1. What ranking, highest mean first, results for peptides 44-52, 73-81 when packing means the other Cβ atoms within 10 Å averaged over each residue?
2. Between residue 30 and residue 8, what length in nm is gained on full extension when 0.36 nm per residue of separation is reduced by their alpha carbon distance?
3. Taking the chain as the reference, fit the longest principal axis to its C-alpha atoms, fit the long axis of helix 7-16 to the helix C-alpha atoms, and give the angle between the two in degrees, 0 to 90, nearest 10.
4. Could I have the simple spin-label model distance between residue 102 and residue 81, label points 7 Å from Cα toward Cβ, reported in nm to one decimal?
5. For the range 87-126 and the range 1-62, write down the distance between their C-alpha centroids in whole Å.
6. Apply the Debye scattering formula to the chain, with a single equal point scatterer on each alpha-carbon and no solvent, then give log10 I(q)/I(0) at q = 0.18, 0.19, 0.20 Å⁻¹.
7. Roughly how many Å² is the accessible area per residue of the chain, as a whole number, for a 1.4 Å probe?
8. Please list 9, 59 from largest to smallest accessible area, probe radius 1.4 Å, with all protein chains kept in place.
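The values are calculated or read from the model by the stated rules, or taken from the named source; none is laboratory data. The structure presented is a predicted model; accordingly, all values stated were derived computationally and were not measured. Cβ placement follows ideal geometry from the backbone for every residue including glycine, while neighbour counts extend to all protein chains displayed. What goes into the accessible areas is simple: the full protein's heavy atoms, side chains included, and nothing from ligands, DNA or RNA. Shrake-Rupley method; radii C 1.70, N 1.55, O 1.52, S 1.80 Å.
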Amino acid sequence: MQRQVPQEKQTHLFNKALRCKGFQITAAASGVTSDSLDISGEAREFVGIATRGANDTTKLQLVINNDVVIEDVAAGFFDSSNANSRMLTPFERPLTGTDDITLRSTNSAAAANEFELVIYYRNLCTLD
């Protein structure tokens, strides 16, 4: 006999589940690029980030609601495709649903650096 999971528990588990959203970022050649990163208005916890295809000539700054989370770190450091890296780099922060998330890329190379950025988040803040 299969047990039914109460609707309240199903909703809680659904809201607690990890979600992600991807962004295609182009760091301008020998310049600075600023990207506004919009995620679901239901997001209540910023969990972390990962990159793919980023190189060390691009430095990142990540700002969430005026809080500098990442400052002047090589984008390649967050690359999840490296053999000894993890799925994501955690930066747990509570969110409100009307959050201002900005990624600033400073590229010192003569060519643009195109890479993918993934933001991981939850619709329920588990930091409580």
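1. Details: 44-52: 20.8, 73-81: 17.8.
For the peptides 44-52, 73-81, the packing ranking is 44-52, 73-81.
2. Values: separation 22, 0.36 × 22 = 7.92 nm, distance 5.20 nm.
Result: 2.7 nm gained on full extension.
3. 10
4. That separation, rounded to one decimal, is 2.9 nm.
5. Measuring centre to centre over Cα atoms gives 7 Å.
6. Cα-only, vacuum Debye calculation for the chain: -0.94, -1.02, -1.10.
7. On the way: 7630 Å² over 128 residues.
Value returned for the chain: 60 Å² of accessible area per residue.
8. Working: 9 115, 59 75 Å².
The residues order as 9, 59, largest area first.
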